[in-house]
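J.: Can you read through this structure? Questions will come right after.
Nothing in this text is a laboratory measurement; each read-out follows from the coordinates by a stated rule. Note that the coordinates shown come from a computational prediction; the quantities given were computed from them, not determined experimentally. Positions of Cβ are generated from backbone atoms using ideal geometry, with glycine treated the same way; all protein chains shown enter the neighbour counts.
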Amino acid sequence: MKYPLLLLLFIVTLLQTAAQEVVQYEPGFEFREGVYLNFEQFKNNSPIPKSAIISKFNKSDTEFLPAILDEKTFSYKDANDSVVTHSSENVWGFSRNGVIFIRVEDEYNRIAVLGSISHFVATITVYYNGMNSPFMNPYYGPGSMPTTTQEMRQMILDYKTGRTLDFTQENMSTILQRDQRLFDEFNALKKSQKKDLLFVYLRKYNEKHPLFFPAE
């Protein structure tokens, strides 16, 4: 009897999940304010709310979330009222006033275009070594000490996989393969046209493949 009962419970759970009400994202959508520990929390619009976070900082301050995430760790109360301490380095991002911020390296970056392909700008560290370095000192020649520099990069968030990628023709082409019509259009363009029309195809893809979030 145990196995039929487990099967029944599984089917009921599956039906409840399938019947979960969702709403299509559009500008003005009300994101719950708080900290996303991971990408799944963002997809489910279920961050750690400010009210659950334990902190000496003023929660009414507009910089409250960046301030607590600037610490090495932060603590909050979970659904069982237990205190949980989490490393800030492993936080995915946060929501504030309806705006999503995603972490790349040690910075939180505002997602300017939110969709199945989201777009944002981030500062990343680029490492150079030897002949690849534009800052190589000719006195030392090849094999000199590695150098680093900070670069502003256009990036995208692929909603299907949760991956963050450089906003390049190659990465866009890979994503567009999911929509044969758009992919064929994009693939038929000249290389220079592809570069100029990246944003156009990002928006076209988002229009055809809108985001959905769980309803309140």
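J.: Let's see if you can work this out: charge +1 on each Lys and Arg Cβ, -1 on each Asp and Glu Cβ, no other charges. What is the dipole magnitude of segment 21-110 about its Cα centre, in debye to the nearest 20? Mind showing how you got there, number by number?
T.: On the way: 10 positive and 15 negative charges, 36 e Å.
Dipole size: approximately 180 debye.
J.: So, counting K/R as plus one and D/E as minus one, what does the shell of residues with Cβ under 14 Å around residue 161 add up to? Can you show the working numbers first?
T.: Working: positive: 43, 160, 163, 178; negative: 40, 158.
Taking every Cβ under 14 Å from that of residue 161, the sum is +2.
J.: What order do you get for 37-50, 68-81, 97-110 when each peptide is scored by the mean count of other beta carbon atoms within 10 Å, highest first? It would help to have the intermediate numbers written out before the result.
T.: Numbers: 37-50: 17.1, 68-81: 13.2, 97-110: 15.4.
Top of the packing list down: 37-50, 97-110, 68-81.
J.: Follow-up question, since we're still on this one. Beta carbons within 10 angstrom, averaged per residue: use that to sort the peptides 207-213, 24-30, highest first. Don't jump to the answer; show the numbers that get you there.
T.: Values: 207-213: 13.4, 24-30: 10.3.
The most tightly packed comes first, giving 207-213, 24-30.
J.: A further question follows. Would you pull out the residues with amide H under 5 Å of residue 109's amide H, same chain only if 5 or more places away, H placed 1.01 Å from N?
T.: Counting only residues 5 or more places away or on other chains, the set is 102, 103, 104.
J.: Related question: List the pair-distance distribution P(r) of segment 21-110, using every Cα-Cα distance, as the percent of pairs falling in each 5 Å bin from 0 up to the bin containing the longest distance, rounded to whole percents.
T.: Distribution as computed: 3, 13, 26, 27, 19, 8, 4, 0 percent.
J.: Non-local amide H neighbours of residue 34 (under 5 Å, H modeled in plane, Pro and chain starts lacking H): which ones?
T.: Counting only residues 5 or more places away or on other chains, the set is 95.
J.: Apply the Karplus curve 6.51 cos²θ - 1.76 cosθ + 1.60, θ = phi - 60°, to the phi angles in segment 93-106 and return the couplings in whole Hz, x for Gly and Pro.
T.: Residue by residue, segment 93-106 yields x, 7, 10, 9, 6, x, 10, 9, 10, 10, 8, 10, 6, 9 Hz.
J.: Same structure, new question: Given a cut-off of 20 Å, name the pairs among 72/160; 56/77; 160/204; 77/160 whose C-alpha atoms lie farther apart than that in the structure shown.
T.: On the way: 72/160 30 Å; 56/77 15 Å; 160/204 16 Å; 77/160 30 Å.
Violating the 20 Å Cα-Cα cut-off are 72/160; 77/160.
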